[in-house]
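For reference, the structure discussed in these notes is given below.
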Amino acid sequence: MTPNSHRAQPPYSQTPYSLRMLPRMTAKGALRVLVVLVLSLVGAQAVSASTNGAAQKRGSHPASVAHPDLHKATHHKRSHRRTPPPPKKPTKPPTKAPTKTPTKTSAPKPAPPTSTSVSPAPPTTTSPAPAPPPPAGNGALPDASNTGVPAGTVLKPSGSLNITTAGAVVDGLDISGTVTISASNVTLKNSRVTAGAYYVILVKDGVTGAVIQNVEVNGRGTSGASGSFGITGSATVKACNVYAVENGLVPDSGSILQNNYVHDLAAPGDAHYDGIQIDGGQSNITIEHNTIINNHDQTSAVMIDNGFGPITNIVAQDNYLAGGGYTVYVDGQFNNGAITGVAFRNNRLTKGTFGYVVIRNNNATWTGNTDKATGASVGS
């Protein structure tokens with residue numbers, strides 16, 4: 001063994017091959033190994049430099065170097081990202097301008113509105129209603145004391161009614177809203193109806209046998225509807241107290257108006273007030289023993305004209321009629337059919353602003369009519 005054989009050596013697996021060979025080599029051999037190592041290192045550096053240069057020529061970058069346009073490119077993409085447009089606001093439907101109430105001379109009669117309320121079952125009365133006051137005779141004119149809801153009647157609150165049951169009896173209600181009678185032979189009695197509507201009580205076309213008795217009708221006056229009707233349609237209307245509307249009673253063919261009190265007409269807008277209005281297309285109407293007061297200086301207590309068709313067989317007798325421009329019009333100026341069979345008999349009148357009566361283009365009869373205050377005969 002050589003003297004160096006006892007020197008501690010590093011573990012075999014951890015010593016490079018070239019160094020492990022050094023103890024066995026001559027000086028010349030060791031020098032040759034060193035030269036090889038140096039040449040290997042120089043070659044490796046040259047290869048690395050060449051590789052980096054080629055990469056730079058291809059435009060690549062070391063992973064540790066940030067792309068100088070990366071932020072710009074990212075920003076460019078974001079700036080062109082499609083942003084969803086905000087939701088469109090719903091277009092508000094145009095509001096129709098309110099239509100001015102047509103005058104009687106130029107516009108057709110408006111069609112009744114369609115009721116959407118549910119028809120209630122006819123209410124029952126738990127206690128007998130007070131007997132209505134005796135009908136007003138010639139010596140007792142209809143007024144607040146003997147028309148409308150009888151004194152002592154207890155009313156049950158209700159909303160609008162659309163009565164669709166034939167033969168129903170509606171009794172003793174305080175109705176905040178309108179009443180539409182859509183079935184035949186319905187009776188509405190001993191009740192109050194309050195509504196600021198075009199029709200406060202409407203009897204639909206084709207309905208027969210309706211009776212409206214001892215009912216108070218309040219159309220809310222200037223807080224109500226322009227052109228409003230208190231009671232309209234074909235019906236027997238008795239002992240009703242009608243006020244605060246533009247037109248009190250607007251009957252259709254076959255109606256009987258008896259012992260009613262129409263007064264204090266009021267409505268918003270350019271109103272044309274009539275206590276009773278019959279504008280053409282009607283026949284066989286009786287107007288008997290009513291108090292009809294138009295407290296304004298225009299139009300009439302009773303208006304009969306042919307604006308919408310002919311008139312046949314209208315009889316007005318034993319009434320008190322007052323106010324308006326002329327108290328009574330029987331006016332055939334519109335040439336939409338003849339006015340025949342109209343008669344005014346034994347009525348008491350209070351003169352309107354311009355006179356008692358206008359009868360034009362027809363042969364209405366006028367007999368026994370007097371001034372209420374003086375008793376003097378009032379000619380046509």
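General remarks:
- Subtracting the Cα-Cα distance of residue 154 and residue 140 from 0.36 nm times their residue separation leaves 2.5 nm of extension gain.
- Here the gap between residue 256 and residue 354, fully extended at 0.36 nm per residue and compared with their Cα-Cα distance, gives a gain of 32.4 nm.
- Other residues within the sphere of radius under 15 Å centred on the Cβ of residue 322, judged by their own Cβ, net out at -3 (K and R +1, D and E -1).
- Here the label points at residue 166 and residue 205, each 7 Å from Cα along the C-beta direction, are separated by 2.1 nm in the simple model.
Values in this text are rule-based calculations from the coordinates and carry no lab data. These figures come from a predicted structure and were not determined experimentally. Glycine also receives a Cβ, built like all others from the backbone with ideal geometry; neighbour counts cover every protein chain displayed.
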